[in-house]
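So the structure is just underneath, and the comments pick up after that.
Derivation of every value follows stated rules applied to the coordinates shown; laboratory data play no part. What you are looking at is a predicted structure, and each value in this text was computed from that prediction instead of being measured. Here the Cβ is made from the backbone with ideal geometry for all residues, glycine too, and neighbour counts use every protein chain on show.
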Amino acid sequence: MRPLTIPDLFARRSIRRYTQEPVTEEQVTTLLQAAMAAPSANNRQPWAFIVVTDQAKREALAEGHPYAKMLPTVPVCIVPCGVPTGNDTFWVEDLSAATENILLAATALGLGSVWCGVYPNMARVAEARQILGIPEGAVPFCYIAIGHGDEPKESRTQYDVARVHRNAW
Ligand SMILES: Cc1cc2nc3c(=O)[nH]c(=O)nc-3n(C[C@H](O)[C@H](O)[C@H](O)COP(=O)(O)O)c2cc1C
């Protein structure tokens, strides 16, 4: 496994076209290890992850989401779910950190990926709950499509000095 590098941060792009090449179980495990290495408030780790390889389920997820039409074409979709406890006000930030770790790890593995937003769109949350049998205490956060990319995208930063303030706004 090669280390994650600063150039990987710039190479991570949303990929929406994929080849048929499979993703290995070892790669999926690496992506999940990366997810669970993310920081979380009070280290609560308020998350669970559904690995969706089933074709019919990926088709159903795509059906209910207007911007996730790539899902039937990828070998794997990971669905990070929030599992917040009583006063857990930071679970969305925690899930965002875990999601970004998956995207960056995919880039380092030479895989393409895209984050498709689910929460807080409650219609999409309800759809995902029904298709994946997610219980009330858990909240589907997003769909991450993962596969071998079939569209070239340039590395880039969107660095904009006008958005940077020093010491005060
Ligand atoms: C919260 C969130 C929700 C997103 N939802 C979708 C989506 O539903 N479908 C999609 O194709 N891309 C989605 N994206 C990807 C963005 O469109 C993409 O990150 C943005 O256009 C910048 O492009 P880049 O990822 O290549 O840098 C989402 C990104 C975020 C952070």
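Of note:
- Applying a length cut-off of 20 Å (Cα extent along the axis) and a mean Kyte-Doolittle floor of 0.5 to the DSSP H helices of the chain leaves 91-108.
- Rg over Rh, two decimals, the chain (C-alpha only, Kirkwood Rh): 0.98
- Viscosity 1.002 mPa s, temperature 20 °C, Stokes-Einstein D of region 1-67 from Kirkwood C-alpha radius, µm²/s: 141 µm²/s
- Three-way shape label, region 77-141, alpha-carbon gyration tensor, a/c 1.5: oblate
- Surface/4 of the Cα convex hull for region 24-104, nm²: 5.9 nm²
- Using a simple spin-label model with pseudo-atoms 7 Å out from Cα toward Cβ, T89 and R2 lie 4.3 nm apart.
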